Amino acid sequence: MTSRIKFFKEAVKNLKTLGTVTPSSRFLANRMLKEIDFSKVEVLVELGPGSGAITKHILNNLPPNATLICFEINETFYSQLLEIKHTQLIVIKSSAEKIEEELNKLGFSKTCHIISSLPLTIIPEVVSSEILDKSFQVLENGGTYIQFQYSLTYFKKLKTVFNKSISLDFEPLNLPPAFVYRCKKVV
Ligand SMILES: C[S@@+](CC[C@H](N)C(=O)[O-])C[C@H]1O[C@@H](n2cnc3c(N)ncnc32)[C@H](O)[C@@H]1O
């Protein structure tokens, strides 16, 4: 079975937590990552990696001593991510609002970038607010929270959390086409 069909089957079973039926394209993955200076990355976090469509691109760019920490709640995707077996990859089966405590458990307190594919619009608002607040807290000053979405629904909310330090990008070569928000922590 191809990874696309596997993803589709998982999506049909879990529409309320996936928010899409197809993995992101390489064009969207590249657009998400294009402004990251990977030479300076030490710890990078990915929220909602799914079957690893963006994860693989992050790992290809990661410098030798850096670590990628992924948070995924779906059991099937979690198992698929474990199969990647990359020495710099840590996969945690936990919801994204646990970002701070899980990082602390691993001996880290901050991250320079958070790459998120979380379907914010279908996550209960109390949970998505906690995820965004905790993400802001664990980001280094000058670090970025990069999120894709298929609509502009969360633009205003992210603008509030990141004190207006946000820019908008768009990737047409994805199904569906997606907006990319780049939010910078400036304190
Ligand atoms: C739109 S899919 C994106 C998958 C992949 N990153 C891609 O771009 O193809 C969203 C992913 O977020 C995961 N997810 C949803 N809510 C989550 C949460 N609270 N914490 C961690 N992962 C979550 C889902 O299981 C799913 O794998």
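Computed from the coordinates by the stated procedures, all read-outs in this text should not be read as laboratory data. Because the structure is predicted, anything quoted here is derived from the model rather than measured. Virtual Cβ from ideal backbone geometry, glycine too; neighbours counted across all protein chains shown.
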### Query
How much of the DSSP beta bridge set in the chain is antiparallel, as a percent to the nearest 5?
40 percent
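Using the Kyte-Doolittle scale, find the helices of the chain whose mean hydropathy is at least -0.5 and whose Cα atoms extend 18 Å or more along the helix's long axis, counting only whole DSSP H runs. Don't skip to the answer; put the middle values down first.
Details: long enough: 125-138 (20 Å, 0.24).
Long hydrophobic helices here: 125-138.
222 nm [θ] for the chain, helices only, -39500 (n - 2.57) per DSSP H run of 4+, per residue, to 500?
Values: 8 runs with 66 residues, N = 187.
It comes out at -9500 deg cm²/dmol, rounded to the nearest 500.
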### Task
Give Lys85/Lys159; Lys13/Lys184; Lys98/Lys164; Lys85/Lys156; Lys85/Lys164 a once-over and call out the pairs whose C-alpha atoms are over 32 Å from each other.
Lys85/Lys159; Lys13/Lys184; Lys85/Lys156; Lys85/Lys164
### Task
Pop out the ³J(HN,Hα) list for the stretch 87-101 in order, Karplus 6.51 cos²θ - 1.76 cosθ + 1.60 with θ = phi - 60°, rounded to Hz; leave Gly and Pro as x.
5, 9, 9, 10, 10, 10, 8, 7, 6, 4, 5, 8, 3, 5, 5
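Kindly give the semi-axes, whole Å and largest first, of the ellipsoid equivalent to the stretch 140-187, taking each as the square root of 5 times a Cα gyration tensor eigenvalue. Walk me through the numbers before you get to the answer.
Values: eigenvalues 91, 24, 8 Å².
Working through the eigenvalues yields semi-axes of 21, 11, 6 Å.
Placing +1 at every Lys and Arg Cβ and -1 at every Asp and Glu Cβ, with all other atoms neutral, what dipole size does the stretch 24-171 have around its Cα centre, in debye to the nearest 20? Don't jump to the answer; show the numbers that get you there.
Details: 15 positive and 17 negative charges, 60 e Å.
For the stretch 24-171, the charge dipole is close to 280 debye.
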## Note on the structure
About its Cα centre, the stretch 23-92 carries a charge dipole, from +1 on Lys and Arg Cβ atoms and -1 on Asp and Glu Cβ atoms, whose size in debye to the nearest 20 is 260 debye
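Using only alpha carbon positions, build the gyration tensor of the stretch 1-160, then give the equivalent ellipsoid semi-axes as the square roots of 5 times its eigenvalues, largest first, whole angstrom. Write down the numbers at each step before the final one.
Values: eigenvalues 94, 75, 47 Å².
They are 22, 19, 15 Å, listed largest first.
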### Task
Taking a cut-off of 20 Å between Cα atoms, list the aspartates and glutamates near Lys6, but don't count ones fewer than 8 places away on the same chain.
Glu72, Glu75, Glu83
### Query
Does the stretch 76-187 come out rounded, prolate or oblate, given a ≥ b ≥ c as the square roots of the eigenvalues of its C-alpha gyration tensor, rounded meaning a/c under 1.5 and, failing that, prolate meaning a/b above b/c?
oblate
### Query
Using alpha carbon centroids, what distance separates the stretch 35-49 and the stretch 154-187, in Å?
16 Å
